[in-house]
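The values are calculated or read from the model by the stated rules, or taken from the named source; none is laboratory data. All of these numbers come straight from a predicted model, not from anything done at the bench. Cβ: placed from backbone, ideal geometry, glycine included. Neighbour counts: every protein chain shown. We work out accessible area using only protein heavy atoms, side chains counted, and drop any ligands, DNA or RNA first. Shrake-Rupley method; radii C 1.70, N 1.55, O 1.52, S 1.80 Å.
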Amino acid sequence: MNYKLMVVFSVFLLGACQTFQGNKGKENDGNIISSSERKDIKTPSLFFKLQMLYFYEFKDVLDREKCARLKSKKEDNPFFNFIKYPKEAFVKNLNHEKAIYFYRKNLNEMGMPYNVWILADVLDVVNERNRETLWQQFVYVMNKDDPAEEIKLFMIIWYTMVREAAKPLSDKQIKSKRWLMKMRQITLVNNIERKLDFVFEEMINDSKLSNEN
């Protein structure tokens with residue numbers, strides 16, 4: 001990938017994550033548990049925030065009564081289990097097939113569709129031979145708190161889904177478009193994409209000028 005694009009995108013994305021507090025009210029409306037209840041759970045900023053906002057985009061299909069009951073559950077709370085699973089997967093070296101089984105069962109317990117998980121459609125779209133690698137990269141960044149690696153992985157996922165969405169109609173194309181549609185409803189992601197479009201335009205213009213010279 002072009003070095004200029006990587007640098008600009010990285011700087012912008014890190015800055016965008018810092019301004020996430022502007023969406024705090026929206027996030028709190030969609031959360032099952034409050035931020036004070038999860039303050040002792042250490043998670044990387046980007047994917048955790050995106051997952052919480054991704055939950056919000058599915059608010060119309062959530063079982064609100066079940067969510068309300070889960071909020072007061074102190075032991076074996078499926079939502080806490082959802083948050084802590086990447087840590088468990090890292091420690092136990094769990095593969096993507098076990099992760100898929102866990103998230104299907106876990107989200108069903110919470111009255112949520114499986115594709116509420118941010119990687120559900122992604123793992124279905126990527127080539128089978130790459131699924132385990134992508135999952136292990138996700139587990140790594142969720143446990144190492146490395147912003148640069150998070151950004152790199154997000155870019156890989158984003159462009160994978162964008163490329164698939166541009167292909168002829170198929171099950172993978174439908175899932176990639178669904179994922180992108182939900183993600184683009186998130187202000188943070190929407191701002192990132194607009195910035196990327198701007199960077200691409202600048203790169204094209206630079207290229208045109210170079211050719212003219």
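For the reader, a short list of remarks on this structure follows.
- Scan of the range 71-81 for residues that are closer than 16 Å to Phe55 by Cβ and not in a helix (DSSP H, G or I), ordered by number: Asn77
- Filter pass, Lys144 being among the charged types (D, E, K, R), under 18 Å from Lys49 (Cβ atoms), more than 13 Å from the chain's Cα centre (by Cα) and open to solvent by 70 Å² or more (accessible area, probe 1.4 Å): yes
- Test: residue in the range 104-113 that is open to solvent by 10 Å² or more (accessible area, probe 1.4 Å), farther than 21 Å from Leu53 by Cβ and aliphatic (A, V, I, L, M): no
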